[in-house]
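The values are calculated or read from the model by the stated rules, or taken from the named source; none is laboratory data. Note that the structure is a prediction, hence the values are computed from the model and not measured. Because the Cβ atoms are built from the backbone with ideal geometry, glycine has one as well, and the counts that use them run over all protein chains shown. We work out accessible area using only protein heavy atoms, side chains counted, and drop any ligands, DNA or RNA first. Shrake-Rupley method; radii C 1.70, N 1.55, O 1.52, S 1.80 Å.
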Amino acid sequence: PVPPADSPRIEALTLRRRNFQPSFDAILDWRYKYPQGEFPYARLVAENAARGKHDPEFELEDTGIFTEDRYFDVAVLYAKAGPEDLLIRIMATNRGPDPAELHLLPHLWYRNTWSWGRADRSPPRLRFAAPDRILAEHPAYGTYELLVDGDVDWLFCENETNAARLFGARNAVAHVKDGIGDRVVYGATAAVNPEGVGSKCAAWQRVVIPPGETAELRLRLRKEGSAPPFADFEEVFGLRKREADEFYDSILGGSAEGRAVGRQALSGMLWTKQFYHYVVDHWLEGDPASPPPPERRRDGRNRHWAHMWNEDIISMPDKWEYPWYAAWDLAFHCVTLALADPDFAKEQLLLLLREWYLHPNGQLPAYEWAFSDVNPPVHAWAALRVYEIEERRTGRGDRGFLERVFHKLLLNFTWWVNRKDAEGNNIFEGGFLGLDNIGVFDRSAGLPGNFRLEQSDGSSWMAMYCLHMLRIARELARDNPAYEDVASKFFEHFVHIAEAVNDVGADGTTLWNDEDGFYYDLLHVPGGAKGHVQVRSMVGLIPLFASLALDEADIRGMPAFAARLQWFLDNRPALVDNAGTSGPGGERLLSLVNPDRLRRILSVMLDESEFLSPFGIRSLSRVHAERPYILRVGGQEYRVAYDPGESTTGMFGGNSNWRGPIWFPVNFLLIEALREFGAFLGDGFKVPFPAAGGPDLALPAIADELARRLCALFLPGPDGARPAHGTSRLFRRDPHWRNHVLFYEYFHGDTGAGLGASHQTGWTGLVANLFSALDDAAVASPPYAESRL
């Protein structure tokens, strides 16, 4: 429900559709594999505690809990009959060989805000009304009814913490929030309220399901009404299903298999929307009804973000393991969500730029763990892509959205310039920049011994930021010539970053290593010495992202910009030479990487013994498997080795790994960069692609090949298994599992097996965009099958 109209954040929360319009979000389908035996919590904990960093994770499947298919296949489906009228179907199939009992307990509850002790929070009520219904009454949202089609026992309790169980303290109410579980599991009848009232309830139905058969429970949540609740149930479900099929067929091209994967990717992203509430000054102060927080909290993380008031529906990386937003994750989410719901995608991008999120100094909040951490500045890129996707779909771009985003991003860009260019020399040192443990050092912390690191990726991200701000300014200048001056400003800033990255200064140093043909970070040692950190990693490929092709019409359409560009060409030719290439017709490629360096970088990137995997581009070159990079300074040794699977380093808690696996966001940007270079250089610019086994390829063909490799992670291979499912017998072979695709956090650099959070559709959902851009034949017969690896 939308908060009351007096909420100061109502703008970000208002319903987009005042009149109900059936669309993609009018039906959702959720699956759960529920073991019939006791869930093996203790064994999972013990086995994984005994394993080291080089051992694979002990998975639920490894416990044998699914042996003989002794589990229930549970499908929960939702269909909207109206904005406040939700139909719910629960279907549980016994996959095992014997009859088995199942307890179905669909819950309804109110989020507990009334116990915080704040005066504006009034307790709502759920209460028994009839054997087939309960009423849900809220002082702001009114009354709803939850109806059930079948015989159930209604169980009521309060959504209040069990303080006695957790803290040994007295409970504030008689029937606490785990009372329903205690009633069902332990038979504790006193744990639920016999009066049939509370702030949390469940409809309890017990069924014995024969092998291979399905039990079904139907419910409806709606505003109070008099129409028979289940008379139109099947009709509404059927209609919504047909509408959803038509909708997804209209936005997802390619093969039927590709559309099915793309649709599941979008589904995962829609499911990971979540209400998120974090008011920083309330957290610092503590709640009036609770004990005061420890005094050290006021000196802890996020204390400088007291203006933050998060109370919105936000796209999360993963509601289970990462139930908080991350700025650069969210930007990638929006590019995929725009395929299905450009309005929501635009709202999300604007939300993080609003004054109750954006820091007064212009910094975007990184994520809950530490808002002040630094994520790559991809917001401008995402806004432009969302604008373009909507324009292609509807024939009209939302200039108002683009203008609002642009003005706020000016503040964020200024923060980057003022805070992350330490020496004022257009070289940016942004911290870890989302790549966690990719480097020699923990780049989000202070470097040892007062060292300083000029970051290839930090400077390249900023160069990319400049070019996308320039492109947005170009788009806005079509209606308002005033934006031409701002376009010139970003062109000039890009030129100076390009000079700093590429030009060999008086001391003979640059981020480009001409001997290796690759970009590296540059380490400054106290006393004036400096040298390249010669780790072949994604850090050296990110300069490719900073590329923008301007055709003659782009330039001619901005007379003031064209004049300023010509002034640079006439008066500062050497400066401009570091920042791109001119074409014969007046077109211009703005890029950190010139065509000669592009060839050299691609010779490394497209080498299977280095970056190229059968399933995309690795985040660290495979050469570091045999030749780890070792840096010895101050009596300490720092080491980087190729690690294609889960992290074996404790850096960043060991919970992320950029030392070899394949990550979707950076692969997606590499594909875009190749297409941008190809648009300018044309099909005559070709480079060797040994793994393709044929002649040299033009850049658009290479981009398509990389996209095919990424898509192949989720498509059945010659053996019928999807590489992303790794060695799982169930997901590889079982007909009830293999078509349910998991979109992992990242993927094994050699085998393509999914790693990290298995339920984090997050930015891996970008595969939907890739499928929508590839034709059937291209996806069906990828050259990667001939890979020498």
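Condition check ((1) modelled with pLDDT under 85; (2) assigned to a loop (DSSP other than H, G, I, E, B); (3) farther than 18 Å from ARG474 by Cβ) across all residues:
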{"residue": "VAL405", "(1), (2), (3)": "no, no, no"}
{"residue": "ASN412", "(1), (2), (3)": "no, no, yes"}
{"residue": "ARG419", "(1), (2), (3)": "no, no, yes"}
{"residue": "ASN426", "(1), (2), (3)": "no, yes, yes"}
{"residue": "GLY439", "(1), (2), (3)": "no, yes, yes"}
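Looking at the range 407-414, can you tell me whether even one residue there is open to solvent by less than 10 Å² (accessible area, probe 1.4 Å) and either within 30 Å of GLY650 (Cβ to Cβ) or without any contact (Cβ under 8 Å) to a residue 40 or more places away in the chain (or both)?
Within the range 407-414 (the criterion being open to solvent by less than 10 Å² (accessible area, probe 1.4 Å) and either within 30 Å of GLY650 (Cβ to Cβ) or without any contact (Cβ under 8 Å) to a residue 40 or more places away in the chain (or both)), the answer is no, since none of the residues qualifies.
Taking each residue of the range 66-80 that is touching a residue at least 40 places away in the same chain (Cβ under 8 Å) and looking for partners that are among the acidic types (Asp, Glu) with beta-carbon atoms closer than 7 Å, six or more apart or interchain, yields ALA75/ASP29; LEU77/ASP29.
Filtering the range 264-286 to residues that are touching a residue at least 12 places away in the same chain (Cβ under 8 Å) and either among the β-branched types (Val, Ile, Thr) or surrounded by fewer than 15 Cβ atoms within 10 Å (Cβ to Cβ) (or both) leaves THR272, PHE275, HIS277, VAL279, VAL280, ASP281.
Per-residue answers, yes or no, for (1) closer than 18 Å to PRO106 by Cβ; (2) open to solvent by 50 Å² or more (accessible area, probe 1.4 Å); (3) touching a Lys or Arg at 6+ places or on another chain (Cβ under 6 Å):
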| position | (1), (2), (3) |
| --- | --- |
| ASN159 | yes, no, yes |
| GLY168 | no, yes, no |
| VAL173 | no, no, no |
| GLY179 | yes, no, no |
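Each residue in the range 109-145 was checked for being open to solvent by less than 60 Å² (accessible area, probe 1.4 Å), touching a Lys or Arg at 6+ places or on another chain (Cβ under 6 Å) and within 18 Å of VAL192 (Cβ to Cβ), and 1 pass.
Can you pull out the residues in the range 553-612 that are aromatic (Phe, Trp, Tyr) and assigned to a loop (DSSP other than H, G, I, E, B)?
Looking only at the range 553-612, we keep the residues that are aromatic (Phe, Trp, Tyr), and these are 561, 567-568, 611.
The answer is PHE611, and nothing else.
Being of a type in the set (Asp, Glu), over 21 Å from GLY181 (Cβ atoms), out of contact with any helix residue (DSSP H, G or I) (no Cβ under 6 Å at 6 or more places or on another chain) and open to solvent by less than 60 Å² (accessible area, probe 1.4 Å) narrows it down to one residue among ASP55, ASP73, ASP62; which is it?
Values: ASP55 fails: open to solvent by less than 60 Å² (accessible area, probe 1.4 Å); ASP62 fails: open to solvent by less than 60 Å² (accessible area, probe 1.4 Å).
From the options ASP55, ASP73, ASP62, the qualifying one is ASP73.
Residues that are open to solvent by 30 Å² or more (accessible area, probe 1.4 Å), assigned to a helix (DSSP H, G or I) and of a type in the set (A, V, I, L, M) were ranked within the range 230-263; the one that is modelled with the lowest pLDDT is ALA256. When ARG443 is tested against the conditions (1) surrounded by fewer than 24 Cβ atoms within 10 Å (Cβ to Cβ); (2) without any contact (Cβ under 8 Å) to a residue 40 or more places away in the chain, the lone failure is (1).
Answer with yes or no whether GLY635 is out of contact with any Cys (no Cβ under 6 Å at 6 or more places or on another chain), within 30 Å of GLY531 (Cβ to Cβ) and either of a type in the set (D, E, K, R) or free of Cβ contacts under 8 Å to residues at least 12 places away in the same chain (or both). Give the steps one after another, and end with the answer.
Values: out of contact with any Cys (no Cβ under 6 Å at 6 or more places or on another chain): yes; within 30 Å of GLY531 (Cβ to Cβ): yes; either of a type in the set (D, E, K, R) or free of Cβ contacts under 8 Å to residues at least 12 places away in the same chain (or both): yes.
Spelling it out, GLY635 is indeed out of contact with any Cys (no Cβ under 6 Å at 6 or more places or on another chain), within 30 Å of GLY531 (Cβ to Cβ) and either of a type in the set (D, E, K, R) or free of Cβ contacts under 8 Å to residues at least 12 places away in the same chain (or both).
The residues listed here are ASP329, ASP343; of these, the one that is open to solvent by 10 Å² or more (accessible area, probe 1.4 Å), touching a residue at least 24 places away in the same chain (Cβ under 8 Å) and touching a Pro at 6+ places or on another chain (Cβ under 8 Å) is ASP329. The set of residues from the range 524-538 being open to solvent by 10 Å² or more (accessible area, probe 1.4 Å) and not charged (D, E, K, R) comprises HIS524, VAL525, PRO526, GLY527, GLY528, ALA529, GLY531, HIS532, VAL533, GLN534, VAL535.
Scanning the range 512-539 for residues that are β-branched (Val, Ile, Thr), part of a loop (DSSP other than H, G, I, E, B) and over 18 Å from PRO448 (Cβ atoms) turns up nothing. Restricted to the range 649-664, and to residues there that are open to solvent by 10 Å² or more (accessible area, probe 1.4 Å) and among the small types (Gly, Ala, Ser), the residue that is nearest to PHE747 (Cα to Cα) is GLY654. Among the residues of the range 702-746, those that are in a helix (DSSP H, G or I), within 19 Å of LEU774 (Cβ to Cβ) and open to solvent by 10 Å² or more (accessible area, probe 1.4 Å) comprise ASP704, ARG708, PRO723.
ASP151 meets each of the listed conditions (1) open to solvent by less than 40 Å² (accessible area, probe 1.4 Å); (2) out of contact with any Ser or Thr (no Cβ under 9 Å at 6 or more places or on another chain) apart from (1).
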